[in-house]
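A short worksheet on the structure shown next.
The values are calculated or read from the model by the stated rules, or taken from the named source; none is laboratory data. Model, not experiment: these values are computed from the prediction. Cβ placement follows ideal geometry from the backbone for every residue including glycine, while neighbour counts extend to all protein chains displayed.
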């Protein structure tokens, strides 16, 4: 069963790659931006995001993942001893240290 | 209500003190001058060392643990932790003199160094694979930043290489961890060691695969050939103070992790030792051969660090009792002699690329103190008595030899004879007549570097004459046979 | 319907790990190498979860949490280094970064 399923999947991809017509047209090569014409030729063809954008995106990744630790805490909160609260507070405190550093470095200032 | 976790402050204290240094550097760095902050961090490291010394458990005492054994402050942890603190203090002291000149960003340098030390201590104190992994990653991530900190093309290139290869190493290691967990159903060293005895053939296969992946991952971190390619580029491309830190403290911590995992958790697992001996043989050949052909002194020291990885890893092949003690002794000596040699490079170099070996000619006539100290370091690195490097090598070879690795021991002896050539060539140049104009960085008082070099050289001389000052603490085999707990 | 045996998950994770490893060895831009490393980490996560289920043990699942955080931290630091290099040299092809060798 698994072999047949795999075989059909692989075959479909292979056949369409081998037999399908490949005609590049301007519309096909254009970057996809939700149906609108790409501005400035599209991302990667000249226009660049300011570096500042990357910094903020990176900060978002880090702080976003840190929140993931609060989900288990919230689920088990009723069963936890008060100690868990102080533990979580320590964790938030350490995050605040990072936040203070970012503020002082001026990463969040949009000029 | 669940039971509160078993949080004990005493075994955590050395780590918390270093973390406090890291956090305070992050916050106070905007308000305090560089030297004050470094001084605070030095004091915190000393306090951490004192806290570790207090954790020493005498005969019959049980070691302090926290989090249900996930953190073990046993004697092995204390001894490795003290070695780590010694190396970190050397790096910080040298940075007092050179960080400004090297344009290392502030306060990031101090903060990242202390975060890295926090990670290294977590590895030394780890009682299960998760804590080891957290420590290893905290250390590695901070080290990637340290290698990149200087705003120069060389530093950025070395940082990217370190990062890419280091993260591959981490990924391999984590996959190995997952396989070992799958084979044994436990992540704690004790649980894994207990489960290795009665495994089904399927699980045994998983365990062997996991152990080999862990070995490869650690191979990346300690620079065992063929996973060593990043080492010379990173050590010679990073600012010298950072190279000092990376080649001493980070390597000690990675070996501490290997000791915990292979000497403790996987000590009865099959097959990894045979693979390790092949890696060591390759490392000895590659490291020593490449060192012979270097013209840049800093790069030669980087290759010598690779060669020393081979010598150090031989101790892992010994029985846990003998090998652990040998590794513990050799790691401290290696830290001191490499640290002192790189401190001298940091003080004398004109640029962060270090100096050429030929520039060392006649150094004795310009800086007699540095020349004598450097000669002592080189002799110790080469393994000549009466310096401590000799005793370290002897112990490591003996550990491997007594456990039946005869051909590897012979290869290691041959390799260290070949190593004499590249260590003694610069050492002799130091005392040659002075025909070249001075090529050292001319300015500046370097009291902190002088102190570091003096202490390091004094220590390797004294430890060479009276090895039992340090080895006496390590010699009890019980310390190293209980790496995984009871 | 029976849940799929652990072997399937482990095989899939092994496949993902191998694809990631191939990517690291063959790709020459830093970003693609880095993406491949992330794939290897997620392979390890899948294996950890599968093993945790088969042993009926939660430790493996918490390990996944830790590894996810590590991956995020690695992304942040890796992208920071890559951006710093790109600003200086306009390339992240690792073959061009060969000032240091010998």
Exercise for the section: Give me the pairs, please: first residue somewhere in the stretch B:149-171 and at the interface with chain C (Cβ under 7 Å from one of its Cβ atoms) and at pLDDT below 90, second residue anywhere and buried (at least 24 other Cβ atoms within 10 Å of the Cβ) and outside any helix (DSSP H, G or I), beta-carbon distance under 6 Å, and either six or more positions apart or on two chains. Expected result: B:158/B:238
Exercise for the section: State whether one or more residues within the stretch B:58-67 are touching a residue at least 60 places away in the same chain (Cβ under 8 Å), assigned to a strand (DSSP E or B) and over 30 Å from residue B:450 (Cα atoms). Expected result: yes
Practice task
Select from the stretch B:236-258 the residues that are more than 16 Å from residue B:166 (Cα to Cα) and touching a strand residue (DSSP E or B) at 6+ places or on another chain (Cβ under 9 Å) and write down the one among them that is surrounded by the fewest Cβ atoms within 10 Å (Cβ to Cβ).
Solution key: B:236
Practice task
Taking the residues in the stretch C:1-51 that are free of Cβ contacts under 8 Å to residues at least 12 places away in the same chain, assigned to a helix (DSSP H, G or I) and more than 25 Å from residue A:1 (Cα to Cα) as candidates, determine which candidate is farthest from the other protein chains (Cβ to nearest Cβ).
Solution key: C:26
Practice task
State whether the residues of the stretch B:112-127 include one that is touching a residue at least 24 places away in the same chain (Cβ under 8 Å), buried (at least 24 other Cβ atoms within 10 Å of the Cβ) and farther than 27 Å from residue B:39 by Cβ.
Solution key: yes
Exercise for the section: Check whether at least one residue in the stretch B:114-129 is within 14 Å of chain A (Cβ to nearest Cβ) and over 27 Å from residue B:186 (Cα atoms), and report yes or no. Expected result: yes
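For the stretch B:323-415, list the helices (runs of 4 or more DSSP H) that sit wholly inside it and hold at least 3 residues that are surrounded by fewer than 20 Cβ atoms within 10 Å (Cβ to Cβ); which are they? Walk me through it before giving the result.
Numbers: elements: B:363-366, B:368-382, B:388-402.
Result: B:368-382, B:388-402.
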Problem - Residues located in the stretch C:55-74, provided they are on the phi < 0 side of the Ramachandran plot and not in a helix (DSSP H, G or I) - result: C:57, C:58
Handout entry: Residue selected from the stretch B:152-176 under the condition over 22 Å from the mean Cα position of the chain (by Cα) and buried (at least 24 other Cβ atoms within 10 Å of the Cβ), by the criterion nearest to residue B:217 (Cα to Cα)
Key = B:175
Fill in the blank from the handout: Restricting the stretch A:100-111 to residues that are touching a helix residue (DSSP H, G or I) at 6+ places or on another chain (Cβ under 8 Å) and assigned to a helix (DSSP H, G or I), the one surrounded by the most Cβ atoms within 10 Å (Cβ to Cβ) turns out to be A:101
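Starting from residues that are more than 14 Å from chain C (Cβ to nearest Cβ) and in contact (Cβ under 8 Å) with a residue 24 or more places away in the chain, keep the ones in the stretch A:100-111 and report whichever is nearest to residue A:50 (Cα to Cα). Outline the logic, then answer.
Quick first cut of the stretch A:100-111, residues more than 14 Å from chain C (Cβ to nearest Cβ) only: A:100, A:103-104, A:106, A:108-111.
Filter again for in contact (Cβ under 8 Å) with a residue 24 or more places away in the chain, leaving A:108, A:110.
Values: A:108: 14, A:110: 11 Å.
It comes out as A:110.
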Completion exercise
Checked against (1) at pLDDT 90 or above; (2) buried (at least 18 other Cβ atoms within 10 Å of the Cβ), residue B:66 satisfies every condition except (1)
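Give A:88, A:84, A:68 a once-over and let me know the one that is at pLDDT 80 or above, touching a helix residue (DSSP H, G or I) at 6+ places or on another chain (Cβ under 8 Å), surrounded by 11 or more Cβ atoms within 10 Å (Cβ to Cβ) and within 14 Å of chain C (Cβ to nearest Cβ).
On the way: A:88 fails: within 14 Å of chain C (Cβ to nearest Cβ); A:84 fails: within 14 Å of chain C (Cβ to nearest Cβ).
A:68 is the lone residue from the list that is at pLDDT 80 or above, touching a helix residue (DSSP H, G or I) at 6+ places or on another chain (Cβ under 8 Å), surrounded by 11 or more Cβ atoms within 10 Å (Cβ to Cβ) and within 14 Å of chain C (Cβ to nearest Cβ).
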Problem - the stretch B:1-19: number of residues that are more than 11 Å from chain A (Cβ to nearest Cβ), in a helix (DSSP H, G or I) and closer than 21 Å to residue A:93 by Cα - result: 7
